[in-house]
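Working notes, beginning with the structure itself.
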Amino acid sequence: NTGKAADRPLIHATPDSGWMNDPNGLWYDAKEKLYHLYYQYNPNDMVWGFPLCWGHATSEDLMLWKNHGVAISPARNDSGVYSGSAVIDYNNTSGFFDDSVDPRQRVVAIWTYNTPESETQYLSYSTDGGYTFQEYEHNPVVEFNSTQFRDPKVIWHEETQKWIMTVALCQQYSVFIYSSENLKDWTLESKFTDSGLLGFQYEAPGLAKIPVTKATNNNYTLEDNSYDVKNNDTEYMWVLFLAINPGGPQGGSFNQYFIGDFNGTTFTPFTHQTRMLDFGKDFYAFQGFFNSPDDSSYLGIAWTSNWQYSAYVPTYPWRSSMSLPRRFTIQQYSPTPESVQLNLNSVPVLNLAGDDKPSESRYALSNKALNSTANLTIPIEGTPTGTFEFTVTFACNSTTVVNTQSADLNFFLKGSKDQTEYLRLGHNAQAAAFFIDRGNTKVEFVHSNPFFTNRLSVNGEPWSQDGSYSIYKVQGIVDVNILELFFNEGSMASTNTFFLSPGNFIGNIEISSSVDGVYSILDFDLKELDV
Ligand code: FRU
């Protein structure tokens with residue numbers, strides 16, 4: 001990354017130049033202790049287009065990414081190496097490798113070859129640790145006489161000792177599930193269809209086996225910050241991730257998921273309802289890693305943009321970025337003794353190395369009741385880089401709300417050079433919901449694009465309850481033009497991009513309330529994420 005000069009996010013992957021969309025082929029190299037990310041890449045233009053390639057980046061700590069240019073490119077100029085995944089073929093089931101290739105680096109990429117005639121599934125393999133690839137000579141390995149059949153995600157199914165591929169028949173709202181013993185010959189086992197949001201194309205499906213965490217009810221109290229999680233022996237449930245475009249609840253592209261069971265041939269969801277993986281506008285085509293050093297959670301990344309406006313965002317000389325890698329677990333909890341609820345929790349991976357600098361807190365505040373006259377301003381000291389993390393715990397006493405006035409808690413994240421550019425986040429007591437308003441960011445862009453929705457909401461269960469006080473906890477990561485919010489220790493997330501004028505970074509946070517006596521800040525902490 002070339003850094004701040006170009007108003008470029010520091011801890012999110014971006015291409016040096018050109019266009020990026022979906023993450024592809026995520027895998028972890030246990031020999032080199034290195035994470036690999038490939039992505040949909042048009043190196044020749046700042047918009048999506050042919051010949052579309054797989055770009056490549058690597059990271060040791062999942063914060064700083066090093067770009068390696070193009071890894072796979074299409075044979076034809078009117079075609080594309082579309083989205084797909086990568087596996088490590090430790091036991092050389094494919095026969096692509098000899099003993100000179102370390103088993104931990106036997107990478108096979110499975111991707112969609114898009115031509116004007118068809119979409120079919122191709123294999124490429126790498127004998128140099130994922131930097132260069134060779135195409136399998138007998139491609140395609142899966143075809144279905146369709147121009148809308150794409151995004152293979154392959155996993156290893158331990159129980160049946162088989163490879164499992166999910167691939168979307170996009171316009172027919174179906175995910176086809178195939179199995180294979182050698183990655184080359186595939187058998188269609190089942191179809192997952194007509195579930196979730198229908199009427200818009202299915203893209204980028206993915207199956208994953210995810211650890212379950214059993215949580216007791218949060219017993220955070222105002223006096224004593226305690227939060228008990230009972231973590232029993234590891235249990236797993238299966239999750240099917242599925243992207244939809246257009247038609248998402250917040251407009252445009254969105255990722256849904258289903259929790260259920262997978263028996264090696266068929267995925268059976270516990271319910272057919274749509275559940276949102278992220279409540280923001282900019283979290284699409286999520287993909288999980290093949291192999292990860294931490295098996296207590298599932299690690300994955302999404303594209304932080306939306307097909308509605310991705311081609312117009314005001315960055316130069318590149319467009320788009322990836323989310324921070326997130327760790328997913330299924331949280332099982334019982335709101336009442338008879339009921340069980342499941343939720344996919346996600347937390348961002350920050351400071352993976354965890355060693356050198358548990359970044360120092362630059363500002364900390366506790367127990368501050370807010371009234372409508374006194375604003376609190378939290379400066380970001382020194383030269384703002386636009387890259388920081390904040391965590392806030394606040395209490396809302398809605399019994400004191402007078403319903404004739406909107407009762408809001410506001411966080412204004414203001415530009416360092418130009419304070420008329422700001423992002424507003426907050427909570428509304430009557431609706432018991434969070435809001436994000438990016439309507440006062442770079443005005444030319446906000447006004448010129450009909451889909452760059454100003455206002456978004458995220459409904460929120462309180463993190464805990466103490467008498468008439470509902471307590472909420474929010475973690476925010478701001479990285480130049482990306483805001484990732486995690487609510488109540490990851491029970492919900494909302495990812496949104498926002499754009500300020502060149503050289504304008506978020507420089508301070510003003511906290512205020514529109515009413516007296518409803519909100520109090522229990523704890524606020526801000527850290528710059530200097531990497
Ligand atoms: C999802 C998607 C995929 C496709 C790729 C093309 O964003 O449309 O379905 O493989 O992007 O770049």
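The values are calculated or read from the model by the stated rules, or taken from the named source; none is laboratory data. Please read all numbers here as calculations on a predicted model, not as lab measurements. FYI the Cβ positions are ideal-geometry reconstructions off the backbone, even for glycines, and counts take in every protein chain you see.
Things to note:
- Looking only at the stretch 93-117, and only at residues there that are touching a residue at least 24 places away in the same chain (Cβ under 8 Å) and out of contact with any Phe, Trp or Tyr (no Cβ under 8 Å at 6 or more places or on another chain), the one that is farthest from residue 186 (Cα to Cα): 100
- Residue in the stretch 188-201 that is assigned to a loop (DSSP other than H, G, I, E, B), among the aromatic types (Phe, Trp, Tyr) and in contact (Cβ under 8 Å) with a residue 12 or more places away in the chain present: yes
- Long-range neighbours under 6 Å by Cβ, at least six apart or interchain, first residue closer than 18 Å to residue 201 by Cα within the stretch 278-302, second basic (Lys, Arg) and assigned to a strand (DSSP E or B): none
- Qualifying residues in the stretch 475-489 (those that are of a type in the set (A, V, I, L, M) and in a strand (DSSP E or B)) - the one nearest to residue 385 (Cα to Cα): 478
Yes/no matrix, rows are residues, columns are (1) surrounded by 14 or more Cβ atoms within 10 Å (Cβ to Cβ); (2) in contact with a helix residue (DSSP H, G or I) (Cβ under 9 Å, 6 or more places away or on another chain):
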{"residue": "382", "(1), (2)": "no, no"}
{"residue": "389", "(1), (2)": "yes, no"}
{"residue": "400", "(1), (2)": "yes, no"}
{"residue": "418", "(1), (2)": "yes, no"}
{"residue": "424", "(1), (2)": "yes, no"}
{"residue": "433", "(1), (2)": "no, no"}
{"residue": "440", "(1), (2)": "yes, yes"}
{"residue": "444", "(1), (2)": "no, no"}
{"residue": "459", "(1), (2)": "no, no"}
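- Members of the stretch 9-48 found to be aromatic (Phe, Trp, Tyr), within 16 Å of the ligand (Cβ to nearest atom) and in a strand (DSSP E or B), listed by number: 19, 38, 39, 41
- Failed item, numbered, when residue 472 is tested on (1) farther than 16 Å from residue 391 by Cα; (2) in contact with a helix residue (DSSP H, G or I) (Cβ under 9 Å, 6 or more places away or on another chain); (3) not in a loop (DSSP other than H, G, I, E, B): (1)
- Checked against the criterion of being in contact with an Asp or Glu (Cβ under 9 Å, 6 or more places away or on another chain), at pLDDT 95 or above and of a type in the set (Lys, Arg), the candidates 153, 184, 162, 191 yield just one match: 162.
- Selection count where residues are touching a Leu at 6+ places or on another chain (Cβ under 8 Å) and either away from the ligand (no atom under 16 Å from the Cβ) or of a type in the set (Lys, Arg) (or both), scope the stretch 197-207: 1
- Residues located in the stretch 262-289, provided they are away from the ligand (no atom under 15 Å from the Cβ) and assigned to a strand (DSSP E or B): 262, 267, 268, 269, 275, 276, 288
- Screening the stretch 77-94 for residues that are more than 16 Å from the ligand (Cβ to nearest atom) and not in a loop (DSSP other than H, G, I, E, B) and picking the one that is surrounded by the fewest Cβ atoms within 10 Å (Cβ to Cβ) gives 88.
- Residue match in the stretch 55-69 (condition: of a type in the set (Val, Ile, Thr), over 21 Å from the mean Cα position of the chain (by Cα) and more than 16 Å from the ligand (Cβ to nearest atom)): no
- All told, residue 385 meets the bar of being outside any strand (DSSP E or B) and in contact with a Lys or Arg (Cβ under 7 Å, 6 or more places away or on another chain).
- Candidates 330, 259 - the one that is away from the ligand (no atom under 16 Å from the Cβ), farther than 26 Å from residue 171 by Cα and either assigned to a strand (DSSP E or B) or touching a strand residue (DSSP E or B) at 6+ places or on another chain (Cβ under 6 Å) (or both): 330
- Once the stretch 116-134 is narrowed to residues that are surrounded by 16 or more Cβ atoms within 10 Å (Cβ to Cβ) and closer than 19 Å to residue 149 by Cβ, the residue that is farthest from the chain's Cα centre (by Cα) is 118.
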